[in-house]
Amino acid sequence: WDFSDQVHCDRPLQVRGRRLYKTRQQRSSATGVYGVDHRLELKVCESLPQVRSRLEGWPSVSEALLHGELRTCTLVITSPAGGQDKLAKLCVATSHPAFVAFAPEVGAGGTEAKVRYDPSSEVLTIEDCTASELRIPVTLRAERVGRHVIRFCMLAVAPSAAGDGSASSSKPSSGPRQWVTVEESLAVRPSLSFMARPNPSFRKADRLTLACTLESRAVAEAIEITRVHCVAAARGSDAEEVLPLEECAPDGGSQLRLACGQSAQLLFALRGASPDLMTGDEDSSPTTSSSGKATKRRLLRASRAAEWSSMARDGRAAGSVASAASAPPTASASSSLAGLPSCIDLVIEWSAEGGRTGEVYALQVPCERPAAAPPCPLDVHILAPDSATLTPGLTVPVTLRVRNASSAGPVSFYFVADPQPEMAWLGCERSEVIRLPALAAQTRELQAYFASPGVFNLNRFRFFVVSMPPGAGAVPASEQAPLAFNFPVDRLIHVRESG
């Protein structure tokens, strides 16, 4: 190349490779022995896979699913070559395994293809496919409330050219590759709020009662509860057990229907599990196909794995559930009931107008007797309006009144206000350390911000006692190891749409 017709430069495109140190002669060479650099070599393939993909039946941008709603879609993968080029392998994965499950039946235009799903890597693999169009059934479940971006990633591998001299040419993954990514948006709004609290039976040692609280938070739809079932699974194992649930107060077979803002209390009795593992016939209603039952179990396992990962990140133990006005149970003070696992998963199947169906989970509910815990020295009252009309920038005043119920001495504590996906607290969400003398009270004014209509629980407060009178609790409290308390009282507010 030239610079201003005055400076002439000629540089050969020969790049020296890495220095070799494998043998003794290579290491002892004064000038060094270097390998061949292959970065400037071009590998020309006879053909490359050219596939395209799209999603059919995916909810539109303006359509929002209910929490837990199930929707069937189809991932269509086409090849412009008209099926002339055979794909050695096609791998499909998703960024949200708890939202998406692939069905084992893959439509390949009448041709035979090997289909397998690896639950550990959550990858669907299709081998030896010559069809010009692949139709992969996809089950979508709205796992969490909010807006999400779901991605599908596909790797198409063509067969290696015969006689290319490559030692790995016989492997299916050694041919030319193409990466394809499909991205779709998903909006999810609230449907059911589900909470389960275990209570041991004092009449039978192998019996556990489950008090289930259901609250409808759907704005426009009435939700009908169709079925409740219980599943137990050990961590790190795919084996599951179906536990028999017995409704303690049956209503004669009628379906429970909840309108917006309504709540219901259900009571179930749980006995020890049978030794049989879960089968497809026990998983869901008789009208569901075997592939649909397997897909639902796969979604439940993915949600359970996500819950375990969240527990590991937060440093929580499996099955830890905040108990009412008590500290977390210790291993020495609680024991699992005979014949029952340490934790269970509850599944609520619901339906709504327009043929909409879904499932809501209560994961890792402990099956343990509550431990003896020190009583909470605080009394809490939450004052707020029962309803409000949604307007731009709506804030609702909430009054939190805390009283020291102990007459033995002062109590020091601080509280934390937990936000929700559709509700936020304005200002500081954690208070300073508050010191209350005996039988004294203090009032705090907070502002709750709402972005969407629905029914919300304003009792999102946790209290941490850092100092209390001697003898008031079994465990001394300090700022390094505070005692945590919360109160199982629902303070509901109904935020209605304007007009």
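The values are calculated or read from the model by the stated rules, or taken from the named source; none is laboratory data. Remember, predicted model here, so these are calculated numbers, not experimental data. Don't worry about glycine lacking a Cβ; one is built from the backbone with ideal geometry, like all the others, and counts go over all protein chains shown. To get the accessible areas, we keep the full protein, side chains included, count just its heavy atoms, and leave off ligands, DNA and RNA. Shrake-Rupley method; radii C 1.70, N 1.55, O 1.52, S 1.80 Å.
Provide the packing ranking of 11-24, 418-431, i.e. peptides ordered by the mean count of other C-beta atoms within 10 Å per residue, highest first.
Numbers: 11-24: 9.1, 418-431: 14.1.
Descending packing order for the listed peptides: 418-431, 11-24.
Work through the residues other than R54 whose Cβ is under 13 Å from its Cβ and net out their charges, Lys, Arg +1 and Asp, Glu -1. In short, -2.
For N459, nonlocal amide neighbours, meaning residues 5 or more places apart or on other chains whose placed amide H falls under 5 Å from its own, are R491.
Across segment 58-65, rounded Karplus estimates of 3J(HN,Hα) from the backbone phi angles (6.51 cos²θ - 1.76 cosθ + 1.60, θ = phi - 60°) give 6, x, 6, 5, 7, 9, 10, 7 Hz, Gly and Pro being marked x. Computed with a 1.4 Å probe over protein heavy atoms only, the accessible surface of segment 370-460 comes to 48 Å² per residue. Amide H contacts for V33 (H built 1.01 Å from N in the peptide plane; partners 5 or more residues away or on another chain; cut-off under 5 Å): L20. Distance between the modelled labels on A264 and V433, one decimal in nanometres: 4.8 nm (7 Å Cα→Cβ projection). For segment 384-436 and segment 114-153, compute the distance between their C-alpha centroids and round to whole Å. Their Cα centres are 44 Å away from one another.
Database remark: amide H of I434 closer than 5 angstrom to the amide H of F413, Y414 (H placed geometrically; neighbours at sequence offset of 5 or more, or on other chains; Pro and chain starts carry no H).
Of the solvent-accessible surface of segment 7-65, computed with a 1.4 Å probe over protein heavy atoms with every protein chain present, carbon and sulfur atoms account for 52 percent.
By the scheme Lys and Arg +1, Asp and Glu -1, what is the net charge of all other residues having a beta-carbon under 11 Å from that of V15?
Numbers: positive: R11, R16, R18, R39; negative: D37, E41.
Value of the local net charge: +2.
T139 sits among other residues whose Cβ lies under 10 Å from its own Cβ, and their net charge, with Lys and Arg +1 and Asp and Glu -1, is +4. Once the chain from V76 to E63 is taken as fully extended at 0.36 nm per residue, the excess over their C-alpha distance is 2.5 nm.
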